[in-house]
Amino acid sequence: MGICAAGIRGPHRHAIYCSLVSHSAGIRLEDTRWATFSDLTIHSNRGIGIFERSGTTANVSFSNLAIETHLLTGHWWGKAEPIFITVGPPAGGKSPEVHDVHFSNIFGTAEAGMVLYGDEKAWLKGITIDQVRFTIRSPRKEVAKLAVGNFDFRWTVGTLARAIFKHDIPALYLRFVKGVQIDGLRLDWDEDRPNYFSDGIECEDFRDLSIDRFESRAARANANLATVSVLRRQGILHREQQSPAWYRRFSQGWRTLLGKDSLL
């Protein structure tokens with residue numbers, strides 16, 4: 001069955017054994033709680049999108065999914081992210097919330113990386129990424145000339161300048177997040193890697209990040225790129241799987257275990 005599941009709201013929403021096809025997001029959630037999505041295939045511009053401006057999305061599970069994304073031109077929201085979560089700034093006295101969202105046993109190919117982007121006054125909390133594997137590939141050349149190397153936060157941001165802006169594309173980008181747990185994540189780069197593809201994981205403004213059994217590398221051999229790039233952090237728990245050079249930020253290598261910095 002081919003459907004587009006965009007625009008899901010409310011509690012107790014479930015989808016199972018479907019093929020979802022869309023020029024927008026295959027699954028789009030807002031103000032959604034106690035929901036499950038399993039055994040699905042998704043072919044879309046943006047795979048899974050969670051957006052919050054004033055409501056709460058929480059206690060949501062995605063499992064056993066195959067996702068393929070393609071970057072499209074035109075006015076479609078999204079830049080081919082397989083998983084995308086964002087919240088807007090608090091408005092009208094109400095703060096948006098996204099917490100306790102779980103991704104497990106998910107694989108596929110994408111033409112951009114995953115994005116988890118909170119707000120400085122409304123952090124994403126308790127996101128779990130378990131046994132997830134994606135290969136990041138370059139978009140078609142005719143599309144790449146028009147729409148690549150950007151972040152797209154339409155719907156949740158308050159200004160046009162912040163809606164779409166130029167940004168390097170890591171395989172996973174995290175900002176304003178707390179308590180993210182990553183276990184068994186593998187991110188591969190296809191052979192054709194444009195210059196805007198960057199780090200394996202890029203993290204900014206985060207707390208209590210746990211990484212276990214992570215496999216990836218930077219998109220290119222470049223002194224300013226890293227397998228994991230971190231900035232403004234408080235607490236990383238990493239169980240060593242690779243060499244100490246795994247962590248690098250510019251010319252200074254370091255790691256943080258249980259909140260205490262340790263030079264590499």
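Couple of notes before you dig in:
- Filter result (under 13 Å from F62 (Cβ atoms), surrounded by fewer than 16 Cβ atoms within 10 Å (Cβ to Cβ) and out of contact with any Asp or Glu (no Cβ under 6 Å at 6 or more places or on another chain)) within the stretch 9-22: H14
- Residue within the stretch 213-224 that is among the acidic types (D, E), exposed (fewer than 15 other Cβ atoms within 10 Å of the Cβ), assigned to a strand (DSSP E or B) and touching a residue at least 12 places away in the same chain (Cβ under 8 Å) present: yes
- From the options A58, A25, A66, A6, residue that is modelled with pLDDT under 95 and surrounded by fewer than 21 Cβ atoms within 10 Å (Cβ to Cβ): A6
- Any hit, the stretch 166-173, residues being within 21 Å of V98 (Cα to Cα) and in contact (Cβ under 8 Å) with a residue 40 or more places away in the chain: yes
- Filter pass, S104 being among the hydroxyl-bearing types (S, T, Y), farther than 25 Å from D168 by Cβ, surrounded by 17 or more Cβ atoms within 10 Å (Cβ to Cβ) and out of contact with any Gly (no Cβ under 6 Å at 6 or more places or on another chain): yes
- Of the listed requirements (1) under 24 Å from W76 (Cβ atoms); (2) touching a His at 6+ places or on another chain (Cβ under 7 Å), T128 misses just one: (1).
- Test result for T128, of a type in the set (V, I, T), at pLDDT below 90 and not in a helix (DSSP H, G or I): no
- Taken over the stretch 199-217, residues that are under 13 Å from I136 (Cβ atoms) and either out of contact with any Phe, Trp or Tyr (no Cβ under 9 Å at 6 or more places or on another chain) or β-branched (V, I, T) (or both) amount to 1.
- Residue satisfying all of: in the stretch 175-205; within 17 Å of S216 (Cβ to Cβ) and basic (K, R); farthest from the chain's Cα centre (by Cα) among these: R193
The values are calculated or read from the model by the stated rules, or taken from the named source; none is laboratory data. Note that the structure is a prediction, hence the values are computed from the model and not measured. Positions of Cβ are backbone-derived with ideal geometry, glycine not excepted, and every protein chain shown enters the neighbour counts.
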